[in-house]
Amino acid sequence: MERRHFIKQSTLLSIGGLLIPSAFLSACRKETLFEDLNYEGKVLIIGAGAAGLYAAYILKSKGIDFQILEASANYGGRLGKLTGFANFPIDTGAQWLHGKNSIFGDLISKSNTKITLDDSETKYWFNNQLVNSLPQNTAIFEGGELPDISYQDYALQQGLGNEYKYIVENIAGDQGAAASRLSVFGNNQEEENWSSGDEDFKFQETYFDLIDNQIASDVKDKILLNTIVSKVDYTQSEIIITDSNNNLFTADKVIITVPISILKSGDIQFIPALPDEKITAFSKIGMGAGMKVFLKFNNTFFDENIIGGEICAAYADDSIGKIQTDHILLAFVMGDQAEYLTALGSDAAITVALLQELDAMYNGQASASFIASHVQNWTTHPFVKGAYSYSTVGMGDARKIATQSINNKLYFAGEAMNINGHHQTVHGAVETGYREVINILNDIKK
Ligand SMILES: Cc1cc2nc3c(=O)[nH]c(=O)nc-3n(C[C@H](O)[C@H](O)[C@H](O)COP(=O)(O)OP(=O)(O)OC[C@H]3O[C@@H](n4cnc5c(N)ncnc54)[C@H](O)[C@@H]3O)c2cc1C
């Protein structure tokens, strides 16, 4: 799947207000910075996804006392591994490494992690036919002067008629959004900062394994699972955190890494309330519905990528990059399509809807060769509530405001808090975990 096809311009990342080369970021990591610092305080991290785990990994390397509070029964957040469904491990969340020029580039080369370039071919479902190419150029959403209107409106304005509706939904869906909600200007502006490279890679094992083996292994003894944070009281110098069972935890600094959907929902009460400007900023950052459905068949009747379905705008052969024999097709469903399928109410109904669409594309072969399905609906996950953050129309600098720390006590990390154009990604989440530890260390030094 061609998720990151645009040419990225910048090779610099901004960490803690400084511009430093991205190569430095991956090279320095935990080893060199703040070697002389001796901090006696305690840091609590809320959320054990990629951002929280990496923040913990850096804190540990600095000898700073920390604990991670995680609501779910597992760590990893939007990274997950499904075994037993196919004869290869399946990524239930993040799957592609988007560019090697990231914090993971050297981690991968120093480890036994095997990755493969994803250069799979795409077919389009267009005017009820599978075709190799489209009559009109759909690469209209990048570069130049672009208006702050939705992908849907801009596509129509540029002459991509209704027959392109689900092609455009796929393009917006890559960004985790419905085409009616994603801003052409905002998305383009944020992605101009992208510096990780424009190739996508698949893991022979899973993305979860990389994080588990290289990062979580160092810190998992400090994760408290099934701990749903409900209140953060930062009135006094000692911050008091309460969980849903009324257990109390105290800390000097807190790194909040929960998804932006959780911050928007008010599931965590802040005392005193967060500033209005910050709450408004949260509300302007989009987070749409998203699910992955894995369909197992007894043969590979399908193409490597199928773009443009009305029920699911993006299907991909899940076995690419794996050592495998099973025939698994991934339905990558985002935005309105994920909302529609969620509303069907059951995994069985979701599966039937997808099989019907595939039958129309492949003359009934889907139902005839269907074996089983697995639905991973991130929208109904109580501690994620969606896919990943996206740029809304009128978003402005909401991401920057959302990211600012409060009173040298509360620090905000997680993919939605990445202001280097790497939001929506695992490496982008990890960068924010790193950035907030550096911000804490800088604040301590002052
Ligand atoms: C379907 C899908 C496909 C994706 N594909 C890719 C991909 O191919 N490549 C890529 O780079 N990225 C991909 N992403 C995005 C990537 O998964 C995320 O950007 C990244 O994993 C987010 O990490 P995070 O630490 O910011 O948040 P999360 O992983 O969401 O971690 C936040 C943690 O906070 C916990 N939490 C929430 N509320 C509370 C609470 N009240 N108390 C305590 N803990 C709480 C959650 O349980 C969660 O574990 C995909 C995401 C989805 C959903």
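The values are calculated or read from the model by the stated rules, or taken from the named source; none is laboratory data. Here the structure is a predicted model, which is why all the values come from computation and not from measurement. Reconstructed Cβ throughout: ideal geometry from the backbone, glycine too, with neighbour counts over all protein chains shown.
Results for (1) buried (at least 20 other Cβ atoms within 10 Å of the Cβ); (2) touching a Gly at 6+ places or on another chain (Cβ under 9 Å); (3) among the small types (G, A, S); (4) closer than 18 Å to Y340 by Cβ, shown as yes or no for each residue.
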| site | (1), (2), (3), (4) |
| --- | --- |
| G144 | no, no, yes, no |
| L160 | yes, no, no, no |
| E163 | no, no, no, no |
| G176 | yes, yes, yes, yes |
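Mind listing just one residue for me: the one in the stretch 212-241 that is in contact with a helix residue (DSSP H, G or I) (Cβ under 6 Å, 6 or more places away or on another chain) and hydrophobic (A, V, I, L, M, F, W, C) and, of those, farthest from the ligand (Cβ to nearest atom)? Once the filter is applied, the top-ranked residue is V219. How many residues are farther than 15 Å from G41 by Cα and among the charged types (D, E, K, R) if we restrict to the stretch 221-259? Number of matching residues: 5. Cβ-Cβ distances below 9 Å connect the following pairs, each with a first residue in the stretch 252-264 that is over 16 Å from V430 (Cβ atoms) and free of Cβ contacts under 8 Å to residues at least 24 places away in the same chain, a second residue that is of a type in the set (S, T, N, Q) and assigned to a helix (DSSP H, G or I), and a separation of six or more residues or different chains: K264/S283.
When each of Y154, Y164 is tested for being over 24 Å from the mean Cα position of the chain (by Cα), more than 30 Å from G428 (Cα to Cα), of a type outside the set (A, V, I, L, M, F, W, C) and at pLDDT 95 or above, the lone residue that passes is Y164. Screening the candidates S102, S150, S111, S120 for the property of being of a type in the set (S, T, Y), away from the ligand (no atom under 14 Å from the Cβ), surrounded by 14 or more Cβ atoms within 10 Å (Cβ to Cβ) and in contact (Cβ under 8 Å) with a residue 24 or more places away in the chain yields one hit, S150.
Residue-wise test of (1) part of a loop (DSSP other than H, G, I, E, B); (2) at negative phi; (3) not acidic (D, E).
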| position | (1), (2), (3) |
| --- | --- |
| T242 | no, yes, yes |
| I255 | no, yes, yes |
| V258 | yes, yes, yes |
| I262 | no, yes, yes |
| D267 | yes, yes, no |
| F270 | no, yes, yes |
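Of all residues in the stretch 38-87, those being in contact with a strand residue (DSSP E or B) (Cβ under 9 Å, 6 or more places away or on another chain), in a helix (DSSP H, G or I) and within 12 Å of the ligand (Cβ to nearest atom) number 5. Check whether at least one residue in the stretch 88-102 is in a helix (DSSP H, G or I), within 24 Å of the chain's Cα centre (by Cα) and among the aromatic types (F, W, Y), and report yes or no. No: zero hits.
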